[in-house]
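Structure in structure tokens, see below.
The values are calculated or read from the model by the stated rules, or taken from the named source; none is laboratory data. As the structure is a prediction and not an experimental result, all values here were calculated from the model. For neighbour counting, all protein chains shown are included, and Cβ atoms are generated from backbone atoms with ideal geometry for every residue, glycine included.
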Amino acid sequence: MSEAEGEAGNGVMMEALRLAEAVVFAATTAVTPRVLAQILPEAADVDAVMAALTRTYAGRGVNLVQVGGGWQFRTAPDVAPHLRKVVELPRRLPRVAMETLAIIAYHQPVTRPEVEEIRGAALSQNTLDLLLENGLVTPKGRKETPGRPTLWGTTPAFLAHFSLNDLRDMPRREELLIDPTGPALKDPPPVLTPRLEESTSDSAESLPDSEPEPAPDSAP
């Protein structure tokens, strides 16, 4: 490779790094490889660019991490405790919502009656609405059984909320059920980002830690 070609290649990489850094910084959700391929110079290798940018931010107060099938900037875990003094922590989801979310995550696609059967309790519409409002679950079609009940599954926002890049990154269920009285899914890691704040809702305060058990209504 000639010196001119080398300089041209370095120029492409530098431009790609700046563009990638800008778009990840500006985005409110994880930036996917497909989006990056549309923005970066045609000659740029997306994986190589993001690997280089990840190395650049390693050890800093903000890290570049892969979540939800894309990239986001996240506060470094080791500095997060210090930020608790000045950054308001998001409210946690109520326990009943966490239980429901865990069941959907590990059994998806799953119907509402199936969630109720696994929980051993009726699922209130308030709980399902809370998960929907926060973008953590979404309809995944209908089950081909009488009544054709809605199938539910998790969303990319669920992956981002729990700092997961893929559903295969979830802990094994047996690791989460050591304490039968505890929540069915681990709390989000202590990473303070706008994404976690956006995943809470004022309606969470109106939900009790446990639900009454009315007669199950029909699946939405």
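Mind listing whichever residues of the range 124-158 are part of a loop (DSSP other than H, G, I, E, B) and among the hydrophobic types (A, V, I, L, M, F, W, C)?
Leu136, the sole residue that qualifies.
Among the candidates Ala97, Ala105, which residue alone is part of a helix (DSSP H, G or I) and touching a strand residue (DSSP E or B) at 6+ places or on another chain (Cβ under 6 Å)?
Ala105
Let me ask something else about it. Pick from Gly120, Gly61, Gly69: which is under 17 Å from the mean Cα position of the chain (by Cα) and surrounded by fewer than 21 Cβ atoms within 10 Å (Cβ to Cβ)?
After ruling out the rest, the residue left standing is Gly69.
Also, I was wondering about something else. Which of the following residues is modelled with pLDDT under 55 and not hydroxyl-bearing (Ser, Thr, Tyr): Leu164, Leu177, Leu159, Leu132?
Exactly one residue qualifies, and that residue is Leu177.
If a residue must be touching a Ser or Thr at 6+ places or on another chain (Cβ under 6 Å) and either surrounded by fewer than 16 Cβ atoms within 10 Å (Cβ to Cβ) or modelled with pLDDT of 80 or more (or both), how many such residues does the range 76-103 contain?
The qualifying residues number 4.
Hydrophobic (A, V, I, L, M, F, W, C) and either closer than 20 Å to Gly68 by Cβ or in the same structural domain as Thr28 (by TED's automatic domain parsing) (or both): does that describe Leu123?
no
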